[in-house]
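Just so it is clear, none of the values below were taken in a lab; they were calculated from the coordinates. From a predicted model like this one, the values you see are computed outputs, not experimental measurements. Here Cβ is always computed from backbone atoms with ideal geometry, including for glycine, and neighbour counts include all displayed protein chains.
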Amino acid sequence: MLGEGIVKGLAETARNFLGSFIEKDRLVTVQYPEERLPVVEAARMFPFLIYDGVDQEEGLRCVACQICEKECPPQCIHIEKSKDKKPDFIGKQQFYPAVFDIDVSVCMSCQICVEVCPFDAIRMDNEFELSTDDRFAGLLWPKEKLAMPNEHYLAIHPTEATEVEARRAEEKAQAEAKKASQPAAVAK
Amino acid sequence: MTQALPSEAEQDQVMEISMGPQHPSTHGVFRMDIRLDGERVLRLKPVIGYLHRNHEKIAEAASYLAAIPYTDRLDYLCSMTNNWGYALAVEKLAGLTVPERAEYIRVIVSELTRLQNHASVVGFLLQDMGASGTPLMYAFREREKVMDLFESLSGARMMCNYMRFGGVRVDCSAEWLSQAAKVVAGFNGFLDEFERLLTGNEILMARTQGVGVLPRELAINAGVTGPGLRASGVNYDLRKVDSYGVYGRFEFRVPLGEHGDVYDRYMMRVLEMRESLRILEQALRDIPSGPFMDPKARLRGLRPKVGEAYARIESPKGELGFYLISDGSPNPYRYRVRPPSLINLTVLEDMCLGQSIADVVVILGSIDIVLGEVDR
Amino acid sequence: MQPSDQVFVLLKHWLVGRSPAVMQPGVSILLTIVPILLIFPVLFAVTTVLERKGLGRIQNRYGPNRVGPYGILQPLADGLKSLTKEDIVPSSADRTVHFLAPLVLLAVAFLPYAVLPMGRNMVAVNLDSGVLFFFAIGAISELSVFMAGWSSRNKYSLLGAMRAVAQMISYEVPLLLSSIAVIMAAGSLSTVEIVEKQSGFSGIFPHWYVLTPWGFAGFILFMIAATAETNRSPFDLPEGESEIIAGYYIEYSGFKFALFFLGEYLGMFAISGLGITLFLGGWSAPLPFLTWVPSWIWFFGKLLGLIIGFIWVRGTLPRLRMDQLMNFAWKFMLPMALVVVVSAGAWRFLPQGVTRWLVSMVFIAAAYVLLARGVETRNKIAKRTYRFAE
Amino acid sequence: MSAPFIILAAVTLVGACAAMLLRGLVHCALALAVAFAGIGALYLNLGAQFLGLAQLLVYVGAIAVLIVFVVLLTRGGDSDSPPLSPAPRQFTGILVAGAIFAILAWAIFHSFAIHTPGMPAPQATIRQLGAALMESYALPLEVIGLMLTAALIGAVIVAMKEKQGTQ
Amino acid sequence: MDQDLKTELSKHGIFATTFEELYNWGRKNSVWPLTFGLACCAIEMIATTMARYDLARFGAEVFRASPRQADLMIVSGTVTKKMAPQVVRLYNQMPEPKYVISMGACAISGGPFRDGYNVLKGIDRYIPVDVHIPGCPPRPEALIHAFMALQDKISAQHLTGESRPRHLKRDLPSEFQVPELGEHGLEPQQNDEVFRNPLKVLQG
Amino acid sequence: MTLEEIRSRLEAFVPGCHAEIVVNGSPSAQNSLLIDRQHGLQAAMYLRDHPELQLDFCSNVTAVDWPDREKAEKIKTKRIVDGVEKEVEETKKTTIPGYLEVVYHLFSIAKKEGPVVLRMHTANRTDEVTLQSLTPVWRSAEFQEREAFDLFGIVFEGHPDLRRILMWEGFTDHPMRKDYVPPPDDDLEILAVSEPGA
């Protein structure tokens, strides 16, 4: 009969209207900024560089191998290799990035830089409150802004970070064992 | 339903309007140059290219891996299926195999994609019909649940960048699977609600039945694929025809329409969502454990042998194909997307002739285009 | 009678009495007009918030709730913004007509309140032909809509205006016819008299016309036609956003646009007020033991109820197409309204009792079944079943 | 002559003149609507409530809108003014207007009403109007009704033929 | 008015409001966006208005399809060269005061597609942008955040003095040059009145 | 039906048609059929209407740009060097003239088979870029051929509405060609310049 479907539809909206006062399921709004959705571990927004220890320059894991720069699909990473070298966590001499910029106005948050990085140096942050009225300087992040302590990594990606930690500890142990077994080589 | 058009002499009130590229119901930056007699459409020419982002050119200049995040942005409602289509093409080109677990994960995520795409499309269709947002809100309420799943799996809500040639990027946890099962279990309730709200609604029926009829022969000849083709009564679902991935193992039905009008296309989507739920239930139940990547697959520096491959999948919009030519270098020599949205648009004019302008937006909504894919 | 019932009437008398004798007629007029000019725009503001919040609740969300406590200051902010917004007149537009259109609409939107009895003894002018006045004024608003659409020199606005005028003319017919049923039953064109006819009770049932078979059908028809007259969803084709963007006021910005909004809502209140007057017993209480509640509270309460109904319908239904809308007006609403008139006539001349209920009901039900089938076959709408391929 | 009468008369006259003199057709139609409204208001001012409101409802609400619609549908609503009619036709117009004015004036001056001053205006309520229409003037009413019905059916038939022709 | 005095007054229940504050309060709390989506970000923009995030809480659900009635243009997605003239035209049609949020990488700089031959490298080349949101696409919360940043920006504006908002400076245009579709690309490539290219700023 | 059978039937039933099988070296093994440019339409018609093939569905239409290229072939020849017969590799360079190619992927909905891949070449990349349009056979080629016209500059004879589709009217280049150079833009150096350190 004509009108039946309309009445059914009206009943449905009425149910939702009244339900919104009773059931939480019917009122799904999360009132940002006061309420926030839980941030999932996998969430990714823009990359950051990890450093160990307290000193940014000292502990930066990046060795300026430039793989991420090459693989970055939109080409938003800009790296200039240092002239000198510094030791990394296992004591091997490595280059470090003299300049490491990410143009977040171009970055597409694809995480490919993270996937290709062999040094666990770059990871994705989940910070998204980044709006700014500064088009150039505000969105071109230099090394100083990108560097984050390892604790931050552990905090936002705990599962993955602990795995990385364990692996790195093992590598370090191996390197030290190697060092211990071949003291002559090192001495030379 | 094409009515006879008035002759030139009778066309005294002919009006040319150009709908778009900024128009609330063109689903993005799409323009239609329409010639109207009163409110009746005499001619309709789609004008596209307002979102032509040079996807193919960019992909040809980038490595095989770098193209994956770009495929996310093709049909930006269904990044997972786009990923799959591309991954399938590269796998064919390079001769990679996919572990079973990865195949199941692929099925799960792409059926979830289908659910959220169809729900949003129906919502948008109703929005075009002037329902002040309510069906769309309900659809997006459910879509957010799928988005949450995608985010906790891949890290991003829309641009998942999840599949890799030879598997998927990360494994899904048992927790995620149970969460997905919960979403799937709740989805039927949503569909019931949606159908109570809409399916029997006389206004919806009056607006959609007999409107925008696409005859079977034209649909086939014009290469229409997806729900639009099946609404015209053609039994052609690539999940059945090609049985790519592990689709051969699931029990599901392909709904078929009879009239080929907007209502049928609407119902196809609703019914397909129900079938997708069946597939999801089976896949979530049967997913095996094991590796999720082909150990032979190399992400960086993949250099397939000289040759070419065309692979296609049933994306929610229709047949999504990828055609790759390799010249042995790390970049594809030719990278081509067969966009279902664009090709389904071919028949827009045929469906709209003789209809009123209010029907045009409804017909367009029922085709389900995404401009990112139309223009690439 | 309760003093609270007549509080406004007494207040007015008191104020008029206190003013110098020469100014008394002027003061009396002023005290009648000013409250109307104040109350309904405020009601408009409240309604916009109510509508946005109500739609929000229907759609599982909160709606505006951050501007002021619970978002009640939202319309104030919107108003302030609209006032200070740049007023753009398109260079190709007809400046005079473009300027006049919202003013005419607004003037016309306020006039019908003159004959609406908003409480016992609370009517601005007790015209003998109040209902006729209401429709006569309402007819002018079509012209203002046309003026707005035509003067903008925009294809969409012209299309919107044509749609609006065609639709308003078409739905005026069933609107009038369903009112005529009431006028026949009441034997008067005066709104005050019509309400008074309905204010009695039989047992616990009030004498509202909506509680008779023809009155019920007439009320439904009246509200459908009213929805169309005020361009509310699902008859909001003139401003059908998904097709012709914003319809006839597409080129209006700033405060003029706000005036259109105001005019539209005022029209909605006025026609709801008429619906209440004609079918829902105006200011009269629904149950005998509730007569102690002041009459104006009943009127505004009913008004609020109808507004919520409008919002509810808007939150649920998609929009009709123009030809379907016209077909519906002429091939369903009009014959149905005629049947309602006939049925009301039968009601009047048959003796009280079961027979007239039965006769009236049979009339309405038979007509509904036949006409509904007609609508279904004409639009070829039917439920469908689908086949599946394995 | 009271102030309201003067104002209303002025509005009506200005509206009527504008309807003749304005260049844009739509403007003319709108001015005509103003003139109609003015006449309606004059009726109201004279205490003929029903007539005044009916004038508003029918002339402003229906006829003016119809005119506007017709202008729009036939000419696309463009403001391209038609060339002013040539002098001979203007002359005929003036002649016709003068003749009508003369006849009306003659009729009014010879009418019964103005020669019997002091007669109180009859209290014509709507009930009386209805009764008059249904009782003493039932036949004319029916005839008019029949004619209108015939016209309506004729219009429908013409429209249907056109529709068939296009199909 | 003196801020200390005002807080003191408000403690005693007296709300002193200057005209400036009222004006800013009005326009900040009633920002109606233009129904206008370009690409992927538009979906997130729609998601922002939907039940989960509900932009309506800020009074901003009144998406107007006609630029004449809109206050805010959310450039959500890739602006192609073919579309750019249309975007500028729409901006020109909006009445003052009008705001622009450039949502997502593509709108800011062309984003991942900036190497494309048909992609405009940032909408700020032609129209002034108030807030940029990086991300591809930004989360709905990020859009709300940007919206609140815009509100803060509005309420901090003074109506007089050099820092007054753009629409109150008589000498600044409210309409901007619409680029033309040329044989190889847009002409001109940017509107120098609007676009501050750091390259040029540095050079001179 | 194998590709070889299709080829021989085509050549038999479409008079004057010359078809050639292009072997695809990749694991996908999707070999294709190169048809001469004069008989494309007829061949397509034949393939669509043939009761055993029923290739009623033209899924994908692609253009490929092949600029002039030098093909370096390593040829092993036996030559007597220093009196000993040795296998010596020689590189032989041949210049292959450039052309534009269109590829059609055909499927059969009725038979649920496919793909059959058709290719056609233009004579060169500059002035003789005309091919027969297959839109009269399959409507689905309409927009895709327009796209090939727009982005590659292939002119399709017999196309009902051959206009630019993605780029605007008045645009003169064909950007998907391999030698297309976009107009210069001074933007891309901003990144390096606006660096705080620089």
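Here is how the numbers come out for the structure above:
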read-out	value
20 °C / 1.002 mPa s Stokes-Einstein diffusion coefficient of chain C, Kirkwood radius on C-alpha pairs, µm²/s	95 µm²/s
Neighbour cut-off at most 13 other Cβ (10 Å), DSSP loop, chymotrypsin sites (Phe, Trp or Tyr not before Pro), segment B:50-114	none
Residue exposure sequence - B:Lys317, F:Lys111 - by fewest surrounding Cβ within 10 Å	F:Lys111, B:Lys317
Order of F:His18, B:His23, D:His110 - criterion: other Cβ atoms within 10 Å of each residue's Cβ, fewest first	D:His110, F:His18, B:His23
Where GluC sites (Glu not before Pro) in DSSP loops with at most 15 other Cβ within 10 Å are excluded, longest remaining stretch of chain F	F:53-127
Nearest-ten-degree value, helix A:4-22 long axis tilted from longest Cα axis of chain A	60 degrees
Listed residues C:Ala258, C:Ala77, C:Ala217, most fluctuating in chain C (Gaussian network, C-alpha, under 10 Å)	C:Ala77
DSSP loop GluC sites (Glu not before Pro) with at most 16 other Cβ within 10 Å excluded, longest remaining stretch of chain E	E:1-161
Helix-only mean residue ellipticity at 222 nm for chain F, each DSSP H run of n ≥ 4 adding -39500 (n - 2.57), per residue, nearest 500	-5500 deg cm²/dmol
Partners for C:Lys331 among lysines (Cα-Cα distance below 23 Å; same-chain residues under 8 apart left out)	C:Lys380, C:Lys383, D:Lys161, D:Lys163
Relative contact order of chain E, pairs being alpha-carbon contacts under 8 Å that are 6 or more residues apart, as %	20 percent
Cut-off under 5 Å, modelled amide H: who pairs with B:Ser315 long-range	B:Leu320
Sequence-distant aspartates and glutamates (8 or more away, or on other chains) whose Cα lies within less than 18 Å of F:Lys76	F:Glu85, F:Glu87, F:Glu89, F:Glu90
Label-to-label distance, nm, for residues given as A:Lys81 and D:Leu139 (7 Å Cα→Cβ offset)	11.6 nm
In order through segment E:41-54: 3J(HN,Hα) via Karplus (6.51 cos²θ - 1.76 cosθ + 1.60), integer Hz, x for Gly, Pro	4, 4, 5, 5, 5, 5, 4, 5, 7, 7, 3, 5, 9, 6
Expected 222 nm ellipticity per residue - DSSP helices of 4 or more, -39500 (n - 2.57), all of chain B, to 500	-14500 deg cm²/dmol
Alpha carbon centroid spacing (whole Å) that separates segment D:129-157 from segment B:68-123	72 Å
C-alpha long axis of helix E:140-155 to longest principal axis of chain E, angle in °	60 degrees
Max mean-square fluctuation residue, GNM over chain A, Cα-Cα springs under 10 Å, options A:Arg167, A:Arg123, A:Arg26	A:Arg26
Chain B: relative contact order in percent, alpha carbon pairs under 8 Å with at least 6 residues between	27 percent
Residues C:Lys81, C:Lys383, A:Lys8, sorted so that the one with the fewest Cβ neighbours within 10 Å comes first	C:Lys383, A:Lys8, C:Lys81
For segment C:362-376 and segment C:92-127, distance of Cα centres in Å	37 Å
Residue among F:Phe156, F:Phe171, F:Phe143 with the largest mean-square fluctuation in a Gaussian network model of chain F, springs linking Cα atoms under 10 Å	F:Phe171
Phi-based couplings in Hz for segment B:109-115 (Karplus 6.51, -1.76, 1.60; Gly and Pro marked x)	5, 6, 6, 4, 4, 4, 4
Distant-in-sequence amide H partners of A:Ala98 (H built 1.01 Å from N, under 5 Å)	A:Glu80, A:Lys81, A:Ser82
Charge dipole of segment F:48-198 about the Cα centre (unit charges at C-beta), most positive-ward option of F:Ser108, F:Ala141, F:Val64	F:Ser108
For the protein assembly as shown, the fraction of alpha-carbon pairs in successive 10 Å shells from zero, as %	1, 7, 14, 18, 18, 15, 11, 7, 4, 2, 1, 0, 0, 0, 0
Residue pairs, from the table C:Lys155/C:Lys302; C:Lys256/E:Lys98; A:Lys143/B:Lys296, whose Cα atoms sit over 28 Å apart	C:Lys155/C:Lys302; A:Lys143/B:Lys296
Computed Kirkwood radius, in angstrom, where 1/r is averaged over Cα pairs of chain B	21.2 Å
Sparse-neighbour loop sites [GluC sites (Glu not before Pro); segment B:214-288; at most 11 other C-beta within 10 Å; DSSP]	B:Glu251
Zone residues, segment C:52-89, relative to A:Glu34, backbone N less than 19 Å from point 7 Å out along Cα-to-Cβ	C:53-54, C:56-57, C:60-75
Set of lysines near F:Lys178 by C-alpha distance (under 28 Å), chain-local residues within fewer than 8 positions excluded	A:Lys70, B:Lys57, B:Lys92, B:Lys305, E:Lys81, E:Lys82, E:Lys121, F:Lys71, F:Lys74, F:Lys92, F:Lys93
Relative contact order (%) - chain C, alpha-carbon pairs under 8 angstrom, separation at least six	20 percent
Integer Hz, Karplus 6.51/-1.76/1.60 couplings in order for segment A:167-177, x for Gly and Pro	5, 5, 4, 5, 4, 5, 4, 4, 4, 5, 4
Span from the segment C:137-172 Cα centroid across to the segment E:63-131 one, whole angstrom	33 Å
